[in-house]
Amino acid sequence: MLTPEIAGEKLRELKIFTPPEVVMMIVQHLKADGKQNVLYKANPPLASNHTILKIKKLLDAGKLDWVTDELASLNLLLDGMEKASDEDLARNIMEMARRGWEIYKDDDLGEFRLRITKEAEESIKDFGWSVTNLVGIGIPLEDTLGMLQEYDGLVMTCESSVHGVSKGYDEYTWYLRKFRGFEQYLYLNHLVYLMQKYPNNPPEHYAAAAALYTRGVVSSDDSIKTAGEDILRYEISRGGEYLKAYKESLKQYKRTPKRNRELSDQIDHLMKTTIPLSGTTTPVISKAVDLDSLMVDEFRRDDLGR
């Protein structure tokens with residue numbers, strides 16, 4: 001999939017220096033048998049008559065087919081536009097040109113998002129996503145199909161959300177555009193990682209630990225990440241001294257006494273809470289076991305470290 005930067009390079013090779021989103025709209029308009037004068041008589045004009053004529057010649061020669069191929073899914077000219085006045089048509093074209101490739105722009109977090117995603121995938125690179133392997137790490141058989149289907153869908157979405165920005169000849173900076181389910185995709189990778197690393201914990205504790213771990217990764221806060229992982233390291237499901245040791249380990253983070261009491265109560269509640277391993281896991285955890293909201297603002301590693 002082309003980004004605006006790559007599209008701009010291709011246009012410059014054709015001696016077209018108009019922004020790619022504007023060329024996109026001109027091509028869409030011309031292929032819909034729209035009038036050329038609508039484009040250059042708009043206020044402000046979409047492009048000069050000379051530029052529009054040049055684009056039309058390239059389009060007729062088949063040199064701009066890639067523009068419509070890339071953006072066919074957008075169908076920027078609406079069904080009712082045939083009935084619109086020239087003024088309305090020009091206004092619609094200008095608005096769509098403005099919106100054009102906006103969905104592909106980086107939000108300045110794309111490189112970070114791609115890095116933490118690659119790290120999550122790398123942590124389980126040798127794991128094969130299958131019913132047998134999920135059961136082997138402790139996923140209940142009845143949950144495996146739903147988890148596999150969810151994972152497969154998120155993998156495809158994630159792969160299609162990776163884009164490159166040209167930095168020069170054959171050199172690109174790659175980034176991951178935020179997509180619906182991004183944190184859930186991380187969560188599933190982290191869940192498998194933690195279940196492989198720390199066997200023999202209850203499913204609901206894996207779910208809570210993985211959700212906290214993911215929240216810590218996304219917020220670049222090791223305190224949240226570690227607090228999630230330590231649920232499994234201390235095997236708090238054993239209760240008694242194991243749960244007490246886990247609570248003691250949390251004292252390396254700076255919080256108010258009130259927050260400490262709330263956190264202790266939430267951990268006790270966690271012991272009695274059943275949380276699904278996949279689907280809408282993260283939202284469910286945030287309602288049923290509110291550990292992350294207690295940690296995000298006030299979990300800070302002591303200067304002494306672990």
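The values are calculated or read from the model by the stated rules, or taken from the named source; none is laboratory data. Not measured: the values here are computed from a predicted model. Neighbour counts are summed over all protein chains in view; Cβ atoms, including those assigned to glycine, are modelled from backbone coordinates with ideal geometry.
Residues that are under 16 Å from ALA210 (Cα atoms) and either in a loop (DSSP other than H, G, I, E, B) or at pLDDT below 90 (or both) within segment 143-199 comprise GLY181, TYR198, PRO199, listed in sequence order. I'd like to check something: does segment 207-215 contain any residue that is in the same structural domain as ILE116 (by TED's automatic domain parsing), part of a helix (DSSP H, G or I) and under 20 Å from GLY110 (Cβ atoms)? Checking segment 207-215: at least one residue is in the same structural domain as ILE116 (by TED's automatic domain parsing), part of a helix (DSSP H, G or I) and under 20 Å from GLY110 (Cβ atoms).
Keeping to segment 201-236, report how many residues are polar (S, T, N, Q) and within 20 Å of LYS247 (Cα to Cα). Counting residues in segment 201-236 that are polar (S, T, N, Q) and within 20 Å of LYS247 (Cα to Cα) gives 3. The set of residues in segment 180-223 that are of a type in the set (S, T, N, Q) and within 18 Å of ASP126 (Cβ to Cβ) comprises ASN189, GLN196. List every residue pair whose Cβ atoms lie under 8 Å apart, where the two residues are 6 or more positions apart in sequence or sit on different chains, the first residue falls within segment 136-159 and is assigned by TED's automatic domain parsing to the domain that holds ASN200, and the second residue, located anywhere, is at pLDDT below 90 and among the aromatic types (Phe, Trp, Tyr). Every condition considered, the pairs that remain are THR157/PHE179; CYS158/PHE179.
Answer yes or no: is there a residue in segment 170-181 that is over 16 Å from LYS118 (Cβ atoms), among the aromatic types (Phe, Trp, Tyr) and surrounded by 19 or more Cβ atoms within 10 Å (Cβ to Cβ). So far as segment 170-181 goes, no, none of its residues is over 16 Å from LYS118 (Cβ atoms), among the aromatic types (Phe, Trp, Tyr) and surrounded by 19 or more Cβ atoms within 10 Å (Cβ to Cβ).
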